[in-house]
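Enquirer: Got a structure for you, written out below as structure tokens; questions coming shortly.
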Amino acid sequence: MSDTDAAVSKAYGVYKLKNMYGRKFWGIERSTFLIDPKGKVTHLFRRVKVDAHLDEVLSALKELKRV
């Protein structure tokens, strides 16, 4: 499924006005949401950088498993 009208991105607050080299445009802020089986957002990672992000997410998943 694709978010062609950006409704989901807007609902999660990740559809933002961006600025690159003086050019402004609308786009998605790279983010990760961990959502439990009941639909509750348990962890939120904003402005994700690729390096070490996997380790952060795996650590958060292990934390959830302990709870």
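Conditions tested, residue by residue: (1) modelled with pLDDT under 95; (2) outside the structural domain of Asp3 (by TED's automatic domain parsing); (3) not charged (D, E, K, R).
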{"residue": "Lys24", "(1), (2), (3)": "no, no, no"}
{"residue": "Pro37", "(1), (2), (3)": "yes, yes, yes"}
{"residue": "Val41", "(1), (2), (3)": "yes, yes, yes"}
{"residue": "Phe45", "(1), (2), (3)": "no, yes, yes"}
{"residue": "Lys49", "(1), (2), (3)": "yes, yes, no"}
{"residue": "Ala52", "(1), (2), (3)": "yes, yes, yes"}
{"residue": "Leu61", "(1), (2), (3)": "yes, yes, yes"}
{"residue": "Arg66", "(1), (2), (3)": "yes, yes, no"}
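Enquirer: Sticking with this structure for a sec: Can you list the strands (runs of 3 or more DSSP E) found entirely within the stretch 1-40 that contain at least 3 residues being farther than 24 Å from Val57 by Cβ? Step through it out loud before you land on a result.
Expert: On the way: elements: 15-20, 23-28, 32-35.
Qualifying strands (runs of 3 or more DSSP E): 15-20, 23-28.
Enquirer: Another question about this same structure. Quick one: is Arg47 under 14 Å from the mean Cα position of the chain (by Cα), surrounded by 13 or more Cβ atoms within 10 Å (Cβ to Cβ) and outside any strand (DSSP E or B)?
Expert: Values: under 14 Å from the mean Cα position of the chain (by Cα): yes; surrounded by 13 or more Cβ atoms within 10 Å (Cβ to Cβ): no; outside any strand (DSSP E or B): yes.
When the stated conditions are applied, Arg47 does not pass them.
The values are calculated or read from the model by the stated rules, or taken from the named source; none is laboratory data. Since the structure is predicted, the reported quantities are computational estimates derived from the model, not experimental observations. As a convention, Cβ positions derive from the backbone with ideal geometry for all residues, glycine included, and neighbour counts pool all protein chains shown.
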